[in-house]
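Here's the structure, in structure tokens; my notes come after.
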Amino acid sequence: MPADLMKRIRMCVDAACDQLLAGQVGYIFLRADDVAVPGIQFYRLMQMFAKYHVPLCLAVVPAWLTPARWRQLNDIGRHRVRLWCWHQHGWRHFNHQMAGKKQEFGPKRTQSAIENDIIRGRQRLEDLIGSRFYPVFTPPWNRCDFRTLKLIQKHDYLAVSTGKGSAEPSPDGLTNFYVNVDLHTRKEANPAAGWNNLFEELKAAISSGYCGIMIHHQRMNDAAYEFLEILFKAILARKKLQLVHFEDLVQVLNGSRFRVQGSGLRKSDIRNYSTQDTET
Ligand SMILES: [Zn+2]
């Protein structure tokens, strides 16, 4: 971790914020992937989001979820139920590609096999999670082929969430809440370059008015939690920035395609997360 981390995060967020147009709100969401198994790391993540009232999109792997696991996950977040957007992360997070980039829903599979997995994944989450399930689809490894996107649309999902530029362009009418910042899986060979690029990504995303941050709790160490906490404080200190999850974004957009620049989303359309929301 750079010694001046706190200063650098603040400078990055402030500089990005200053680039927003007058009256423009910078929307920021965080998406935690590979959710299903409760554990210390997951508990710590949820506690931190709850402490700062920060909403979180949780991408749940259907085949990994059991009734007992869901009871525990739900219990961890029970005091802040409105913060969480539980949605679908593929079916079983299995790579079907023999070569090239990993995909669960790629060209190696038949359309009927893809459709089967999408449907049974959703069914399982609806059975276990019930009304807390929100119909957005995050494909494992952030990518899927165009047939999959068409099927997502056919089965009335409200949006897909891939990595920026890592999937085919969405068919008309299907919103893609893509992530454009990856906090943990940096590819740079040296740490200094990794930090620089991370701050550049973050700044570019926030200043565009649309920032989607991907996190993986299994890979988080103390430093990663510390980073996130400083980032939350820096974001929450700026009134032009609004933390959201998918449900807010969908409600606001109400079916229109997402436009990255000057999205036209209004801060007044976004829910207030600061109130206690204990499950009864
Ligand atoms: Zn994943």
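Pairs linking a residue in the range 90-110 that is closer than 20 Å to Ala36 by Cα and basic (Lys, Arg) to a residue that is modelled with pLDDT of 95 or more and within 15 Å of the ligand (Cβ to nearest atom), with Cβ atoms under 6 Å and 6 or more positions apart or on different chains, are Arg92/Ala63. For the range 26-45, a residue qualifies if it is of a type outside the set (Phe, Trp, Tyr), crowded, with 22+ Cβ neighbours inside 10 Å and away from the ligand (no atom under 14 Å from the Cβ), and the qualifying residues are Gly26, Ile28, Leu30, Leu45. Scanning the range 111-143 for residues that are surrounded by fewer than 22 Cβ atoms within 10 Å (Cβ to Cβ), charged (D, E, K, R) and assigned to a helix (DSSP H, G or I) turns up Glu115, Arg120, Arg122, Arg124, Glu126, Asp127, Arg132. Of all the listed residues (Ala3, Ala16), the sole one being surrounded by 22 or more Cβ atoms within 10 Å (Cβ to Cβ) and either without any contact (Cβ under 8 Å) to a residue 40 or more places away in the chain or away from the ligand (no atom under 16 Å from the Cβ) (or both) is Ala16.
Consider only pairs whose beta carbons are under 8 Å apart and that are at least six residues apart or on different chains; among these, list those whose first residue lies in the range 23-38 and is polar (S, T, N, Q) and whose second residue is modelled with pLDDT under 95 and more than 10 Å from the ligand (Cβ to nearest atom). Every condition considered, the pairs that remain are Gln24/Gly209; Gln24/Lys240; Gln24/Gly262. Looking at the range 79-89, can you tell me whether even one residue there is over 20 Å from Ile213 (Cβ atoms) and surrounded by fewer than 20 Cβ atoms within 10 Å (Cβ to Cβ)? Among the residues of the range 79-89, at least one is over 20 Å from Ile213 (Cβ atoms) and surrounded by fewer than 20 Cβ atoms within 10 Å (Cβ to Cβ), which makes the answer yes.
Restricting attention to the range 12-27, report how many residues are among the aliphatic types (A, V, I, L, M) and at pLDDT 95 or above.
3
For the range 165-181, residues that are surrounded by fewer than 19 Cβ atoms within 10 Å (Cβ to Cβ) and either basic (Lys, Arg) or farther than 20 Å from Gln88 by Cβ (or both) total 3. Per the listing Met98, Met48, the residue uniquely at pLDDT below 95, out of contact with any strand residue (DSSP E or B) (no Cβ under 9 Å at 6 or more places or on another chain), more than 15 Å from the ligand (Cβ to nearest atom) and not basic (Lys, Arg) is Met98.
Yes or no, residue by residue, for (1) in contact with a helix residue (DSSP H, G or I) (Cβ under 6 Å, 6 or more places away or on another chain); (2) more than 16 Å from the ligand (Cβ to nearest atom); (3) among the hydroxyl-bearing types (Ser, Thr, Tyr):
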| position | (1), (2), (3) |
| --- | --- |
| Gly130 | no, yes, no |
| Pro135 | no, yes, no |
| Pro140 | no, no, no |
| Cys144 | no, no, no |
| Leu149 | no, yes, no |
| Ile152 | no, yes, no |
| Tyr157 | no, yes, yes |
| Ala167 | no, no, no |
| Pro171 | yes, yes, no |
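Candidates in the range 213-226 are the residues that are out of contact with any helix residue (DSSP H, G or I) (no Cβ under 7 Å at 6 or more places or on another chain) and within 17 Å of Phe29 (Cβ to Cβ); of these, the one that is surrounded by the fewest Cβ atoms within 10 Å (Cβ to Cβ) is His216.
Candidates Lys233, Lys203, Lys239: the one that is surrounded by 13 or more Cβ atoms within 10 Å (Cβ to Cβ), of a type outside the set (Ser, Thr, Tyr) and more than 29 Å from Ile40 (Cβ to Cβ) is Lys203. Taking the listed residues Arg124, Arg147, Arg132, the one that is under 14 Å from Gln103 (Cβ atoms) and of a type in the set (D, E, K, R) is Arg147, with no other qualifying. When the range 144-156 is filtered for residues that are in contact (Cβ under 8 Å) with a residue 24 or more places away in the chain and not in a helix (DSSP H, G or I), the ones remaining, listed by number, are Cys144, Asp145, His155.
Looking across the range 57-78 at every residue that is of a type in the set (A, V, I, L, M), over 18 Å from the mean Cα position of the chain (by Cα) and within 15 Å of the ligand (Cβ to nearest atom), the one that is surrounded by the fewest Cβ atoms within 10 Å (Cβ to Cβ) is identified as Ala63.
The values are calculated or read from the model by the stated rules, or taken from the named source; none is laboratory data. Remember, it's a predicted structure, so these values are computed and weren't measured experimentally. Reconstructed Cβ throughout: ideal geometry from the backbone, glycine too, with neighbour counts over all protein chains shown.
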